[in-house]
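> The following block contains the structure, expressed as structure tokens.
The values are calculated or read from the model by the stated rules, or taken from the named source; none is laboratory data. Note that the coordinates shown come from a computational prediction; the quantities given were computed from them, not determined experimentally. Please note: Cβ atoms are built from the backbone with ideal geometry, for glycine as well, and neighbour counts cover all protein chains shown. Keep in mind that these areas ignore ligands, DNA and RNA; they rest on the heavy atoms of the full protein, side chains included. Shrake-Rupley method; radii C 1.70, N 1.55, O 1.52, S 1.80 Å.
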Amino acid sequence: MPGLFVACFKIGSLSFGGGLSGWVHREFVQRHGWITDEEFAANLAMAQMFPGVNVVNLVIGLGELLRGPGGAVACLIGFLTTPFFAVLALDGLTRLVADTRGLEAFMEGVAFAAIGMLVVVCGQGIARVRHSPMGLATIIVIAGSVGVLGWSMLPVVLVAAPVSIAFANARIAVDGG
Amino acid sequence: MEDDGFWSLSWILVPLSLLSIGGGASIIAGLETEVVRQQGWISSQEFLHMFAVTRAAPGPGTMVATLIEYKLAGWTGAVVATLALFLPSSALFYAVFRTSNRHRGKRWHRVLREGLAPVGTGLMIAGVMAILRLSGGGLLAVGIAGAAAAILYRFPGLSALAIILGGGLATLGLRAWG
């Protein structure tokens, strides 16, 4: 249990930007050999399809697999501890010197680069459904209504998610999956 | 207003937490709409500053909610907001994971995965649009974001920290130049 906490604490402390599942894989599969590759992949797929930050869901699932409810809690708290204090500390620090234009430009650039990282993840999501007209249509409808028209996310998702799942169901039935 | 914002934001965060399909990035647009445009609790510059801070610090970008609530209601607010942000989705995932672990490899597992994936991607694209719009950075924002995306696409192994620092320094340089 302390090992789980420490592993997640390390991942949380170094969780800059995305691409964290690679780090989790290194700790849980390669370094400690706690779970197999296959278990990791199955958990990752689930972590991504449910609400919540992917890596947070991922470590909760791994904690449950290894040590039950206590393990899941240890992983969650371990992961979030450093980020919680770090954002508050950095925010305070930037406010002390917030009148310097240089720092503002730097932080602005940090946000721009972060947008670029999100764009890559969006591109991967589009590539994943490129052979599915319904999948592409779902992406366009949601990005257009929420992103361009500024509609509330809640009603859009409540309508679009069941429709998209129903089409996936029909498609998989045709495929014989 | 401070007492008001304390619980109100948490009540906004609980449903957002349960809607953050495809990762935290998908709720940035919804959070900005509520907090900046509808409630007017903080300005869009403030929101962008806080988002930049969350990106420079470790942790999910959704922790921008922790900073907003810290500004509105101090340490207690920061803790309550963080719990409101992470507990609902975590509890849901835990319950589903525990149950479905016995059904791994079954058909409905795949149906749900393939149905929800494009929903998450669409929400993430909306998030990108929201951040670009309120950044007010115009061509510079698009240019730096595009360059970061192109570099990451070309060199997938590059560390996220290097990209973020590079974006910050490039913008600093370009702003100083202009």
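> Might you work out the accessible area of A:V141 for me, using a 1.4 Å probe with all protein chains in place, and round it to the nearest 10 Å²?
Roll a 1.4 Å probe over it and A:V141 shows about 90 Å².
> Using a 1.4 angstrom probe on heavy atoms only, work out the carbon and sulfur share of the accessible area of region B:2-136 in %.
Carbon plus sulfur share of accessible area: 61 percent.
> Per 10 Å bin from zero, what fraction in whole % of the C-alpha pairs of chain A is there, up to the bin with the longest pair?
It works out to 8, 26, 28, 28, 9, 1, 0, in whole percents.
> As an exercise, find the ratio Rg/Rh for chain B from alpha-carbon atoms, using the Kirkwood inverse-distance average for Rh.
Over the Cα atoms of chain B, Rg/Rh equals 1.01.
> Region A:157-177: which residues show an accessible-area loss of 50 Å² or more, assembly versus chain alone, 1.4 Å probe?
At a threshold of 50 Å² (probe 1.4 Å), the residues of region A:157-177 that become less exposed are A:V157, A:I165, A:I172.
> Now, a different point. Per residue, how much accessible surface does region B:35-115 expose to a 1.4 Å probe? Answer in Å², no decimals.
Heavy-atom SASA per residue in region B:35-115 reads 40 Å².
> Give the interface area between chains B and A as buried accessible surface, both sides summed, probe 1.4 Å, in Å² to the nearest 100.
Separately minus together, B and A give about 7900 Å² buried.
> With no solvent and one point per C-alpha, what does the Debye sum give as log10 I(q)/I(0) for region A:2-90 at q = 0.21, 0.22, 0.24 Å⁻¹?
Those come out to -0.97, -1.07, -1.27, one per q.
> Which helices of chain B meet both criteria: a Cα extent of 27 Å or more along the helical axis and a mean Kyte-Doolittle score no lower than 0.5, with helices taken as whole DSSP H segments?
Membrane-span-like by this criterion, though nothing is claimed about a membrane: B:64-100, B:107-135.
> Right, something else. Report, largest value first, the span of the C-alpha coordinates of the protein assembly as shown along each principal axis, in whole Å.
Ordered largest first, the protein assembly as shown gives principal extents of 60, 47, 45 Å.
> Turning to a different aspect of this structure: Which one, B:S10, B:L72, B:A145, projects farthest toward the positive side of the charge dipole computed for chain B from Cβ point charges (K/R +1, D/E -1)?
B:A145
> Hey, another quick one. How much of the pair distance distribution for region B:68-140 lies past 17 Å, counting alpha-carbon pairs only, in percent?
Of all Cα-Cα pairs in region B:68-140, 69 percent lie more than 17 Å apart.
> Heavy atoms only, probe 1.4 Å: what % of the accessible area of region A:1-96 goes to carbon and sulfur, would you let me know?
66
> Hull surface divided by four, with the convex hull built on the Cα atoms of region A:112-159: how many nm²?
The number I arrive at for region A:112-159 is 3.8 nm².
> Another question about this same structure. Mind checking the per residue accessible area of region A:1-96 for me, 1.4 Å probe, whole number of Å²?
40
> Per residue and in Å³, how big is the convex hull formed by the alpha-carbon atoms of region B:112-178?
104
> Of B:Y94, B:Y70, B:Y153, which has the most accessible area and how do the rest follow, probe 1.4 Å?
Most to least solvent-accessible, the answer reads B:Y153, B:Y70, B:Y94.
> When all protein chains stay in place, what accessible area (Å², nearest 10, 1.4 Å probe) is found for A:M1?
Probe radius 1.4 Å; accessible area of A:M1 about 90 Å².
> Please report the accessible area of A:L103 (heavy atoms, 1.4 Å probe, ligands and nucleic acids excluded) in Å², nearest 10.
50
> Sorting A:R31, B:R55, B:R98 by accessible area (1.4 Å probe), largest first, what list results?
Putting A:R31, B:R55, B:R98 in descending order of accessible area: A:R31, B:R98, B:R55.
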